[in-house]
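Enquirer: Would you mind keeping the following structure in view while I ask a few things?
Laboratory data are not the source of any read-out in this text; all were calculated from the coordinates shown. In this text, all values refer to a predicted model and were calculated from it rather than measured experimentally. Neighbour counts are summed over all protein chains in view; Cβ atoms, including those assigned to glycine, are modelled from backbone coordinates with ideal geometry.
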Amino acid sequence: MAEPAQSCRLYLITPPALPADFEKTLDEALAAGDVACVQLRLKDVSDAVIEKAVKALMPLCHKHEVAFILNDRPDLAATLDCDGVHIGPEDMPFDEARALVGADRTVGVTCKDSRHDAMDAAEAGADYVAFGAFFPTTTKENTTSVTPEIVEIWSETTNVPCVAIGGITVENCEPIVQAGADFIAVCSGVWNYATGPAAAVRDFNAIFARYVARLERT
């Protein structure tokens, strides 16, 4: 019997600055459809601000059975009991991050356009690797441009999950889904969606479901 087709899943990244009503917005978005995880990404803020945001948002995620990932800070991820941490090449070596958060928490690694770096991270024990940016994005500076081919090659050669990130929207995501991305990481494409974040979650999941249905028919 053939293995069932696997669906891509949504990986949400919080806005660069959290609006006053963000808890309500997030709750509605998570209720709208399948979301694998939420990454809290706050740059150039104090530890106290991060801690306050974690305490407000992580219970909402857990209510919807969604993992809560902290960006950049393995130390705070461990202290605040987050489900995992995401690190970039400028943050710290993977082994140090793993030692800080322990074996049971998720550690994901940004690899930009480098399959070599992704292989090194996977061999070191990363739970997922992230490639991008696939499209222009205002969320991050100094991005590296990649194409869906990197996802296709990765998905064909390894079992370690990959996350596609960078300027991804409902309108442009399908080639990346078709290439075999395990997760689509989205920030503005959800929070700034014309008909609202909850609608974006529904529309992303509809695309994922259509692709799985096509695979199952082939």
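Enquirer: Residue 102: net charge of surrounding residues, Cβ under 15 Å, Lys/Arg +1, Asp/Glu -1, itself excluded? Could you put the intermediate results ahead of the total?
Expert: Details: positive: 73, 98, 105; negative: 75, 81, 83, 95, 96, 104, 127.
Net charge in that neighbourhood comes out at -4.
Enquirer: What residues qualify as long-range amide H neighbours of residue 69, i.e. H under 5 Å apart, gap of 5 or more or another chain, H built at 1.01 Å from N?
Expert: Under 5 Å from the amide H of residue 69: 38, 39, 40.
Enquirer: Further, regarding this structure: Restricting to DSSP H runs of at least four residues, report the calculated mean residue ellipticity at 222 nm for the chain, -39500 (n - 2.57) per run over all residues, nearest 500 deg cm²/dmol. Show your work: numbers first, answer last.
Expert: On the way: 9 runs with 92 residues, N = 218.
Value at 222 nm, helices only, nearest 500: -12500 deg cm²/dmol.
Enquirer: By per-residue mean of other Cβ atoms within 10 Å, what is the highest-first order of 67-78, 147-158, 7-18?
Expert: Put in order of decreasing packing, that is 67-78, 7-18, 147-158.
Enquirer: What number do you get for the range 13-78 when its Cα radius of gyration is normalised by 2.2 N^0.38 Å, N = residues?
Expert: Against the compact-globule rule of thumb, the ratio is 1.05.
Enquirer: Something else now. Choose one of 153, 37, 97: the residue whose Cα lies farthest towards the positive end of the charge dipole of the chain (beta-carbon charges +1 Lys, Arg; -1 Asp, Glu; about the Cα centre).
Expert: 37
Enquirer: Do you know the relative contact order of the chain, to the nearest whole percent, from alpha carbon pairs under 8 angstrom that are 6+ apart?
Expert: 22
Enquirer: With the cut-off at 1.5 for a/c, could you classify the range 97-218 from its C-alpha gyration tensor as rounded, prolate or oblate?
Expert: Verdict is prolate for the range 97-218.
Enquirer: For residue 73, what charge total do you get from the other residues with a beta carbon under 15 Å from its beta carbon, if Lys and Arg give +1 and Asp and Glu give -1?
Expert: Local charge sum for residue 73: -4.
Enquirer: Using +1 on the beta carbon of Lys and Arg, -1 on that of Asp and Glu, and nothing else charged, what's the dipole of the chain about the Cα centre, debye to 20?
Expert: It works out to roughly 560 debye.
Enquirer: Beyond 32 Å, how much of the Cα-Cα pair distribution for the chain remains, as a whole percent? Working shown, then result.
Expert: Working: 2966 of 23653 pairs.
Of all Cα-Cα distances in the chain, 13 percent exceed 32 Å.
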